Amino acid sequence: MNEGMELITVVVQRKDGQRTIDAALKSGAPGVTSYFGRGTGVRQKLSVFGMFIEAEKQIILIATTKENVDKILDGIVKEIGLDKPGKGFAYVQTIGRVVGYYEGGDDVKEHP
């Protein structure tokens, strides 16, 4: 079991989903899991200011080591502009236990 892991969750407009995944991988993410969702609430508030926010979202999950979190998150923020209103949001959670996590490499042994 791995310890010292973090989960980065990123929620972006669906049209920005693939760019977000590409930015995460380019920044060192070992892999991603994504799915589609639908958001409500903020879209109505921001439309008052003339910004249209799509309801369709892509949610991207990235499990990684604590050492890689800042590099990956900074790469996503820079590529997508998450620091601007209406572009999405991200948060990081500590993972208590991980089973089956594989980062890559040649040290995998096959089990019969």
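Values for this structure:
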| item | result |
| --- | --- |
| Inter-label distance for T33 and E79, nm, one decimal - labels placed 7 Å from Cα along Cα-to-Cβ | 2.0 nm |
| Ordering of 86-93, 33-40, 56-63 by burial proxy (mean other Cβ atoms within 10 Å per residue, highest first) | 56-63, 86-93, 33-40 |
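Readers should treat all values here as calculations from the given coordinates under stated rules, not as data from a laboratory. All figures in this text were calculated on a predicted structure; none of them were measured in a lab. Note: ideal-geometry Cβ built from the backbone for every residue, glycine included; neighbour counts use all protein chains shown.
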